[in-house]
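Asker: Please find one structure pasted underneath; my questions will follow.
Bear in mind these aren't lab numbers, they're just calculated from the coordinates by the rules spelled out. Quick caveat: nothing in here was measured; it's all calculated off a predicted structure. Positions of Cβ are backbone-derived with ideal geometry, glycine not excepted, and every protein chain shown enters the neighbour counts.
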Amino acid sequence: MSIIPYARADGALYWQVQARRNIGVRSLFLVVLAFLIAYAVLFPGLFTVSGFAKFTQSWFPLALVAMAQAILMLTGGISLAIGATVSLGAVIAATTMGGPLGIAGGAAAVALAGLGIGAATGFIVVRLRLPAIVVTLAGSFIIGGAALLILPRPGGSIPAWLSDLLAGDTPAAFVLLVVVVLLWKLYLATPLGLSLYAAGENPVGAYRSGVPVDAARVAAYAISGLLSTGAGLFVAAQTGSGDPVIGTAFTLNSIAAAVLGGIGFLGGQGTMRGALAGSLLLSLMISVMFFLGFTPVAQYVAQGLIIIGAVAIPQFRKVQQ
Amino acid sequence: MAPLLAARGVSKAFFGNPVLRDVSIALQPGRVHALLGENGAGKSTLINLLSGALRPDSGTIEVDGRAVARMTPALARQAGIAVVQQELSLTASLSIAENIGIGAYPKRFGLVDYKELAARAKAACKLVGLDEPLSTPVGNLSLGRRQMVEIAKALYRRPRVLILDEPTSSLSATETKILTDLLGRLRGEGVAILYISHRLNEVMALCQHVTVLKDGTCTADRSLEGTDAAGLVRLMVGRDPGDLFPKWQPSGSPGAAISVRGFSAGLMHDVDLDIGTGEVLGIGGLVGQGQEDLLLGLYGAIPARTVSATVNGVSGLPGNVPKANALGLAYVPADRKREGLHLIHPIITNMMLPSLARLPSLKLRSRKAERQKGRDLAAQLSIKGDLQRPAQALSGGNQQKVALAKWMPHDPLVLLLNDPTRGVDVETKREIYLMLRAFAAAGKAVVLLSSDTPELVHLCDRVAVVREGRVVRMIERAALSEEAIVSAAMGAERRKVAA
């Protein structure tokens, strides 16, 4: 059909789209910045290499699980098994890396476990059309049980040099996070990655447009599993050993971070940069309140109030419009 | 020349209910083919068969003159068939360009080639007059602009066959003009176009050939040359009512049940309406012109404004559902599965739901009194069988009777009915009609919103025809005919060039 002319290529489209995605999270970025400044004032050590390293290390696993949760929420799903998957990743790392598999083999085992568990969960949710919240709740029991089978009580070991590299005085965690974010950008630039949004927000329309909706959703679960066990490996490196219940708190914190970051529960709403900012905000909030001498109870209450506020403010704005 | 896409003698039934019977249609290159028919005539089903979303029970779909054994959406795409559906297939959070290309992105090293995508999406946007930046999220656009993105998305795929299902329903006059010009050019390029619209003027101006469906059968397949709008309306309507409808007898008495001036709610604007006691007032028009908002607004289920209003002698609108109930208003929704009934709960619970507050004994529910009431209602409406069964065990017709029955203990003065006979069998329809007439004869008011034109003609004392949020015509009993309603609904009598 020749009537459709071939317009001059506009090379800037990708960057314009990226810039547009910032609009929704600008105010969040400002809040994060404010907390960062507060943190820097309370803890000037942030500007030393080791201070910066410690700071990113405390944020890094939360950032990974926030991404793991956000990618599922973007497809309209959710996972209650993230904490258990983190634990499983930690015990696999702690039991394999010191053994004959070595570090590379252990890391591969961790990655395979994450991808496999994620893909299996995704398959059950997507192909059998079962509710994600129920499947992943059941999954959390199974995965948590498996972690306990592998390592009934804290133990195992992570080679000391790996612990030093990841959780020592070098900002390796920050570098890793940058790599993960770049990989995510790469994935989102593939047709399958970009389909995530359509599959989450308008699955019927997406299917009619030729989008492999089911594949996009299963892939999201697999990636989510990989990010979770990866977070587990890092946590094991931080502590130098494996603990079969160490990940438990990450399930709800991952949801909290994603929600703070503006990810909606209905699918297709929000951005990964938002979820990352949400996880950073959560991490900063905890540190700042600790420095300010809040009691743990007050910390939890404040955390809860801030999360409700973060969800309510956009709603109020919508009503006003 | 072989048609690019054709259906030969296709039939389709849903749950034994025939929707299409032995229908044929052939889309020729370089021709804009109109598909006309009333609500429920089978137009959408025919589109779904042509695009592979459904498969016919009998008959064949042909592409380039060759029968396709098993048409699927994927095959249809490969064959260059693009459909612009009524419900949009867009993703609000993605940009215009990403939406246009989705499912068919240009790739480079496995990644979306944004440069190529921008070029091709820009070209498609230019054709439909979309000048917003390609990076604009679709969620920021108005409904009309989204419709244009949807059309650009179809064009991006360079279709040989373009099927448009009511593309202009949400477009402004300027956008409609751009679209009609565009379709003219595409036609010149040899594209086969199937155009579904309820705007007859548009069809007359744009199309060369017409297929008319009525109750699932094809009543016309001919050139539009020498056909006038009135002739087309005649081809769409006219059904032998048989003895389905009770004999009409005047029952109107001079009183006014509801009287509103300058009423606005949802899509409806500035409506003046008087609903008399003892009358059945029909609300007609094409689906989705605001009729439902009229009922819901009167019922207080959505916000409504009026200059003045009187409801059963009380001035002002009820404003919320409990007040409306207290004023004697009852509403029976169209979607009985979602709004009318609680399907998994027993029939008796459904019947008693509006009355729970009315059977207090020490402020507790009296099961005995409820059972008695339930039996009375069931006898009255001839609902048979155990009332403890879940409501979903009933047929559609009987479910509708339960949805009606639950209001009867309230003794309502005004019944607001939203398409009460949709998907209801003939026997039950007749029972419902008898009930409504009896209700009116008892000096109460019935407001009957219906997508079934014969029903409006044979049952109502007056019919208000709604179009684009306004009551465009009030047809009195003497002048009631299907043709009168359909031409008012389609704006056929208004001499306005498709702008």
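Asker: B:Glu132 versus B:Ser366, label points 7 Å from Cα toward the beta carbon: distance in nm?
Answerer: 6.0
Asker: What shape does segment A:14-165 take by its C-alpha gyration tensor, where a ≥ b ≥ c are the square roots of the eigenvalues and a/c under 1.5 counts as rounded, a/b above b/c as prolate, and the rest as oblate?
Answerer: Numbers: a/c = 2.21, a/b = 1.17, b/c = 1.90.
In terms of gyration-tensor shape, oblate.
Asker: Which three semi-axes in whole Å describe the equivalent ellipsoid of segment B:1-66, each the square root of 5 times a Cα gyration tensor eigenvalue, listed largest first? Walk me through the numbers before you get to the answer.
Answerer: Working: eigenvalues 85, 39, 15 Å².
Rounded to whole Å, the semi-axes are 21, 14, 9.
Asker: Percent relative contact order of chain B, based on C-alpha pairs within less than 8 angstrom and at least six residues apart? All intermediate terms of the calculation are to be shown ahead of the outcome.
Answerer: On the way: 1018 pairs, mean separation 78.5, N = 499.
That works out to 16 percent.
Asker: Let me ask another. How far apart, in nm, are the 7 Å Cα→Cβ label points at B:Asp228 and B:Ser382?
Answerer: 4.6
Asker: Let me ask another. Could you give the dipole magnitude of segment B:49-159 about its Cα centre, charging the beta-carbon of Lys and Arg +1 and that of Asp and Glu -1, in debye to the nearest 20?
Answerer: On the way: 15 positive and 10 negative charges, 61 e Å.
I would put it at about 300 debye.
Asker: Between A:Leu192, A:Ala119, A:Met289, whose Cα lies farthest towards the positive end of the dipole of chain A when Lys and Arg beta carbons carry +1 and Asp and Glu beta carbons carry -1, centred on the Cα centre?
Answerer: A:Leu192
Asker: Among the aspartates and glutamates, which fall within straight-line cross-link reach of B:Lys153, defined as a Cα-Cα distance under 12 Å, with same-chain neighbours fewer than 8 residues apart omitted?
Answerer: B:Glu98
Asker: Same structure again: With no solvent and one equal point scatterer per Cα, compute the Debye intensity ratio I(q)/I(0) for segment B:263-326 at 0.16, 0.24 Å⁻¹ and report its log10, rounded to two decimals.
Answerer: Each listed q maps to, in turn, -0.52, -1.15.
Asker: Can I ask one more? Give the Rg (one decimal place) followed by the Dmax (whole number) of the protein assembly as shown, computed from C-alpha coordinates and expressed in Å.
Answerer: Expressed in Å, the Cα Rg and Dmax of the protein assembly as shown come to 31.6, 96.
Asker: How large is the dipole of chain A about the Cα centre if only Lys and Arg carry +1 and Asp and Glu carry -1, each at its Cβ, rounded to the nearest 20 debye? Could you put the intermediate results ahead of the total?
Answerer: Values: 14 positive and 6 negative charges, 157 e Å.
Approximately 760 debye in magnitude.
Asker: For segment B:57-186, report the convex hull volume of the alpha-carbon atoms normalised per residue, in Å³, without decimals.
Answerer: Details: hull volume 17.3 nm³, N = 130.
It comes to 133 Å³ per residue, whole-number rounded.
Asker: Which longest uninterrupted range of chain B lacks any chymotrypsin sites (Phe, Trp or Tyr not before Pro) assigned by DSSP to a loop state (not H, G, I, E or B) and surrounded by at most 12 other Cβ atoms within 10 Å? Working shown, then result.
Answerer: Values: sites that count: B:Phe15, B:Phe109.
Maximal segment without exposed cleavage sites: B:110-499.
Asker: Suppose R0 equals 22 Å. What FRET efficiency, 1/(1 + (r/R0)^6) with r the Cβ-Cβ distance, do B:Ala69 and B:Ala220 give to the nearest 0.05?
Answerer: On the way: r = 30 Å, r/R0 = 1.35.
The pair B:Ala69/B:Ala220 has a calculated efficiency of 0.15.
Asker: GluC sites (Glu not before Pro) within segment B:127-199: which are DSSP loop residues with at most 15 other Cβ atoms inside 10 Å?
Answerer: B:Glu189
Asker: Oh, and also: Relative to the present Cα-Cα distance, how much length would full extension add between B:Val307 and B:Glu427 at 0.36 nm per residue of separation?
Answerer: The B:Val307-B:Glu427 span can extend by a further 39.0 nm.
Asker: Placing +1 at every Lys and Arg Cβ and -1 at every Asp and Glu Cβ, with all other atoms neutral, what dipole size does chain B have around its Cα centre, in debye to the nearest 20? Intermediate results must be reported in sequence, preceding the final value.
Answerer: On the way: 61 positive and 48 negative charges, 240 e Å.
Value, rounded to 20: 1160 debye.
Asker: How long are the three semi-axes of the equivalent ellipsoid of segment B:5-236, in whole Å, if each is the root of 5 times an eigenvalue of the C-alpha gyration tensor, listed from largest down?
Answerer: Details: eigenvalues 182, 87, 48 Å².
In descending order the semi-axes read 30, 21, 16 Å.
Asker: Which GluC sites (Glu not before Pro) from segment B:46-99 combine a DSSP loop assignment with at most 13 other Cβ atoms within 10 Å? Display every interim value, and only then the final one.
Answerer: Numbers: sites: B:Glu62, B:Glu87, B:Glu98; in loops: B:Glu87.
Sites meeting the loop and neighbour criteria: B:Glu87.
Asker: I would also like to ask the following. Summarise the partner chain shielding of B:118-125 as one whole number: the mean count of Cβ atoms from other chains within 10 Å of each residue's Cβ.
Answerer: 5
Asker: I need two numbers for chain A: Rg to one decimal and Dmax as a whole number, Cα atoms only, in Å.
Answerer: Just the Cα atoms of chain A yield Rg and Dmax of 20.3, 71 Å.
Asker: Oh, and also: Count, for each residue of B:96-103, the Cβ atoms from other chains sitting within 10 Å of its Cβ, then give me the mean as a whole number.
Answerer: Values: counts 2, 5, 6, 5, 1, 3, 11, 12.
Across the residues of B:96-103, the mean count of other-chain Cβ atoms within 10 Å is 6.
Asker: Under 8 Å for C-alpha pairs, at least 6 residues apart: give me the relative contact order for chain A, rounded to a whole percent.
Answerer: Values: 536 pairs, mean separation 104.4, N = 321.
The normalised contact order for chain A reaches 33 percent.
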